[in-house]
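Chemist: Supplied in structure tokens, the structure appears directly below.
The values are calculated or read from the model by the stated rules, or taken from the named source; none is laboratory data. Just so it is clear, the model here is predicted, and its values are computed rather than measured. All Cβ positions, glycine included, derive from the backbone under ideal geometry; neighbour counts span all protein chains shown.
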Amino acid sequence: MFEILTSADAWIILLTLTFLEIVLGIDNIVFISIAANKLPEEEQKKATNIGLLLAMVQRIILLFAVTLLIGLKNPFYYVDLSWITTGISGQSIILFLGGLFLIYKSTSEIHEKVEIPSHDEDAIKAKNLTTFGRAIVQIVIIDFIFSIDSILTAVGMTNGVGEKPSDALVLMVIAVIVSIIIMMVFANPIRKFINQHPSMQLLALAFLILIGFMLIAEAGHLSHTKIFGQEIGAIPKGYLYFAIAFSLLVEFLNMKYKKKETILEQKTEDKI
């Protein structure tokens, strides 16, 4: 089962996916913290840890469910029109709808963060969470909402990886477990880093648009869809990894430049 971990490509996928899971999970931590902070102080840490553990369990269960659905490769309906031919299967439907969802969710999240950044926080703060049980229920709901794009991201990054379906599942489960453990241990430093560099989260959301588009293309390729006689080809995942790595490199260089600029400004002010 773990033979996939002997592959260099698998480790690249695992590291990239874990990074995305952590960055995209920051909102989850923030909203869990808001819900937990409405409880007595002695129960807050317990509620936060339980919330993150529930997030991990939910995501692993959803991973198994989605993996089973993607395994439905045989077409159950054929479309043969003058301009499009395709064989619709459970796999193609999940990938296509998942891609559309990621594009929609990412675009709306980017819009909210730019135009109305406190919208979701205000909605959670307005809820009446007077008991530990109510807080846990709210946290479970929050976890489920955030699990959907997390799972679809994992599917997009690992679909078609390895010789067996279980290979991709192993990578997804490891990435989810590692990201949740890192968030539990380093929640505050990670949250502080993202707050200081909000462009990192916007960058991760932009990556989701790429992954969403790739899922849609993958759905068309696996269902042998032809549009005006042209069959939709597979998008090599190397393009996606290169785009992510290049964007992150540019962002880290930008962060380093800004830090250097801030230090120079501080020195100038001290001289004055």
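Chemist: Would you say MET255 is over 20 Å from the mean Cα position of the chain (by Cα) and either buried (at least 18 other Cβ atoms within 10 Å of the Cβ) or under 25 Å from LYS113 (Cα atoms) (or both)?
Modeler: yes
Chemist: Further, regarding this structure: Please give the number of the condition GLN266 fails out of (1) farther than 28 Å from THR6 by Cα; (2) at pLDDT below 75; (3) surrounded by fewer than 17 Cβ atoms within 10 Å (Cβ to Cβ); (4) not charged (D, E, K, R).
Modeler: Every listed condition holds for GLN266 apart from (2).
Chemist: Taking only segment 159-195 into account, find how many residues are polar (S, T, N, Q) and at pLDDT 75 or above.
Modeler: Number satisfying all stated conditions: 1.
Chemist: Can you say whether GLY51 is in contact (Cβ under 8 Å) with a residue 40 or more places away in the chain, touching an Asp or Glu at 6+ places or on another chain (Cβ under 9 Å), of a type outside the set (Asp, Glu) and over 25 Å from MET214 (Cα atoms), as far as the supplied structure shows?
Modeler: Taking the combined requirement at face value, the residue satisfies it.
Chemist: While we're on this one: Within segment 222-235, is there a residue that is among the charged types (D, E, K, R), surrounded by 12 or more Cβ atoms within 10 Å (Cβ to Cβ) and in a helix (DSSP H, G or I)?
Modeler: For segment 222-235, residues among the charged types (D, E, K, R), surrounded by 12 or more Cβ atoms within 10 Å (Cβ to Cβ) and in a helix (DSSP H, G or I): absent.
Chemist: Could you tell me whether any residue of segment 73-84 is farther than 22 Å from ILE142 by Cα and touching a Pro at 6+ places or on another chain (Cβ under 9 Å)?
Modeler: No, segment 73-84 contains no residue that is farther than 22 Å from ILE142 by Cα and touching a Pro at 6+ places or on another chain (Cβ under 9 Å).
Chemist: Still on this model: Of the residues LEU72, LEU39, which is in contact with a Ser or Thr (Cβ under 9 Å, 6 or more places away or on another chain), surrounded by fewer than 20 Cβ atoms within 10 Å (Cβ to Cβ) and not in a helix (DSSP H, G or I)?
Modeler: Result of the check over LEU72, LEU39: LEU72.
Chemist: Considering every residue within segment 86-103, establish whether at least one is in a strand (DSSP E or B), of a type outside the set (Lys, Arg) and over 20 Å from GLY156 (Cα atoms).
Modeler: The answer is yes, given that some residue of segment 86-103 is in a strand (DSSP E or B), of a type outside the set (Lys, Arg) and over 20 Å from GLY156 (Cα atoms).
Chemist: Please work out which one of (1) of a type outside the set (Val, Ile, Thr); (2) part of a helix (DSSP H, G or I); (3) in contact with a helix residue (DSSP H, G or I) (Cβ under 8 Å, 6 or more places away or on another chain); (4) modelled with pLDDT under 75 is the condition ASN128 fails and give its number.
Modeler: Just one mismatch for ASN128, condition (2).
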